[in-house]
1. Defining the label point at 7 Å along Cα→Cβ, can you sort the distances from A:Ser239 to the same site in each other copy, shortest first, in nm?
2. For chain B, with a Gaussian network of springs between Cα atoms less than 10 Å apart, report the residue from B:Asp117, B:Asp94, B:Asp241 with the top mean-square fluctuation.
3. In chain A, once you exclude exposed chymotrypsin sites (Phe, Trp or Tyr not before Pro) (DSSP loop, at most 14 other Cβ within 10 angstrom), what's the longest stretch remaining?
4. Excluding same-chain residues fewer than 8 positions from A:Lys205, which aspartates and glutamates have a Cα within less than 16 Å of its Cα?
5. With r as the distance between the Cβ atoms of A:His248 and B:His132 and R0 = 45 Å, compute the FRET efficiency 1/(1 + (r/R0)^6) and round to 0.05.
6. Given the -39500 (n - 2.57) contribution per DSSP H run of 4+ residues, what per-residue ellipticity at 222 nm results for the protein assembly as shown, rounded to the nearest 500 deg cm²/dmol?
7. If you average the sequence gap of Cα pairs under 8 Å that are 6 or more apart and divide by the length of the stretch B:3-170, what percent do you get for the contact order?
8. Please check which bits of the stretch B:57-74 a label hung off B:Glu121 would reach, taking the label as a point 7 Å along Cα-to-C-beta and the cut-off as backbone N under 18 Å.
Protein chains: 2
Amino acid sequence: MPELRKDPLVGRWVVFAPERKQRPIDFEGPETSLPKVDAFSAGNERLTPGEVYAVRPNGSTPNTPGWKVRVVPNRYPALRIEGELNPEAVGFYDRLNGIGAHEVIIETPDPTLALEDQSLEGVADVFQAFRHRTLDLMKDSRFHYLLMFKNVGPQAGASVAHAHSQLMALPVVPMQIKHKLQIALRYFEEKDRNIFEDILRNEVKNQERIVYENQGFVVFCPFASRFPFELSIYPRRQSPDFHSVDGHEMVLLADAVKNALSRLKVALGTPNYNMVVFTAPVRRPRKNYWSTIDFDFRWHIEILPRLTGIAGFEFGTGFFINTTLPEEAAQYLRQIRL
Amino acid sequence: MPELRKDPLVGRWVVFAPERKQRPIDFEGPETSLPKVDAFSAGNERLTPGEVYAVRPNGSTPNTPGWKVRVVPNRYPALRIEGELNPEAVGFYDRLNGIGAHEVIIETPDPTLALEDQSLEGVADVFQAFRHRTLDLMKDSRFHYLLMFKNVGPQAGASVAHAHSQLMALPVVPMQIKHKLQIALRYFEEKDRNIFEDILRNEVKNQERIVYENQGFVVFCPFASRFPFELSIYPRRQSPDFHSVDGHEMVLLADAVKNALSRLKVALGTPNYNMVVFTAPVRRPRKNYWSTIDFDFRWHIEILPRLTGIAGFEFGTGFFINTTLPEEAAQYLRQIRL
């Protein structure tokens, strides 16, 4: 059973998942002459746990070919779906059972197709899969936060090359999310304005860090980018919840993401990167500390190209050192013809 | 001129240092047939900026051979020593000039000698160099925090193989340090006890995460380790400041660090790692928010082996996933015969 432990000095939770040692790694170790089996390709559906969601335009049978997007439980989950949380003190410390969900969104049956090279509809299907799974997992009262992310390439922590994203349902709200929520709340209390809207207005007015805009979303290099060519994607419509996106707005989101990733690919030559969706915690229908969240917090996306590493300076301070100004990165990305 | 920018959403400072793009990297890119010049070796003193401190047992001339430890300004500094901070608002955002010091502690003239393979006196000389430079840089009122760290190996962000550490004088107190200080202060206010002392007592009593103890220091695997084989080193004596260590206590510190690193080397086969010294901010002689710091905060060291990467999950949450329990790591490290 995986276990969550809290660091009393910084309030950070760590997931202990010894089983994940066994997962196969595409990128590590010496090359072998055996061809590797891609469990995420069409025809290999029996090699993954049974699907919990799929886009099957012709109504094909679950766990057979004929799908466009397929969501399955992670075979090497960091968290387990069965059991009770049992939060408890262990002597001086706090722990709880590693209960949660850990699902893989297989973005395409084609082992060589990257997310940004799919059609607009294909990209929208991937985000629609996120949304469907989110709405389902939210019903489970053990889960307090739903984390959506995508690791591409070994430098970004990916262990499989076939295009995929991940969804984790967590039994606690992560410190980093709480921190963003607190700052957004404090900003709203002080100014009666939304900090995301203020950032967006500032960027759109100023234009020098803007990379791409459509009717629903703005892609820009943030003022204090941690990494060269880091991108943020903000929705123009205020909502704390990613799952509020639907219909035409989902197509606009797909367009913004496809555009952002395509520019990064041209600029950096298929970079390793992390993409993270930041959304509000799951909220129960009671008045709580986050009650004004509909006004103060906005869901958003961060894309972090991993050209540079994380060293002692970053761990010691939470600081980052970046050698590329966001204005330069944005100018370079803007002039790319797609 | 480097520049510091603050992320308004999370309060994190990022250092923009475009000049650092030009620094040579030992570990990256294709091998060339040209032998690389090691600017940190004895006889190559002219290849570094002039020394600001050195241990020269026979009183040899500065910037010539005959030294054991040598401190020089970083040739590719993330921060510059000359100038004013000029903190200012840029539209919606906050910035200041990248003023600070960035020094390199060359731990030995021998290009092949690792820190843990030096004599006890050799290791103590390295930490004594940290202390001397700290006491000197503290006098500059532009500097609010002194960060000491060591990156070993390309996975840990090192660009040079010759054994060295780094010291940075920062114009702001980093968020991560503020966060630890706040938690330590809150703990003391609530319990009238020091959180570091409570952790230390708990670990020493329990023993299962202890790796090594001497009269002055305790080496252990922390309860919520982020990385497999992560180590913390706590002093037994309460002091917020690393620079309070001197005399026999410095030898005990050298013994604890040498012991810890030697065990990691046997267990993991010369791992890449980061070592960070966490110490209190520079304090001016006035009453301030941190006035009880002599009781509530304790300087300490963290050693982070970098066997695993940082992926979207970690960036999205501040969570970490660890596949090795600290109890197992400690048991393994304890039974190693040095």
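Here, each number is a calculation from the coordinates, and none is a lab measurement. Bear in mind the structure is a predicted one, so any value in this text is a computation, not a measurement. Note that we place each Cβ from the backbone using ideal geometry, even for glycine, and neighbour counts take in every protein chain shown.
1. Here A:Ser239 shows inter-copy label distances of 5.7 nm.
2. Looking only at B:Asp117, B:Asp94, B:Asp241, the largest GNM fluctuation is found for B:Asp94.
3. A:28-288
4. Filter leaves A:Glu197, A:Glu213, A:Glu327.
5. Plugging the Cβ-Cβ distance into 1/(1 + (r/R0)^6) gives 0.10.
6. Roughly -8000 deg cm²/dmol at 222 nm, from the helical runs in the protein assembly as shown.
7. Computed value for the stretch B:3-170: 24 percent relative contact order.
8. Of the residues in the stretch B:57-74, B:57-60, B:66-70 have backbone N under 18 Å from the label point off B:Glu121.
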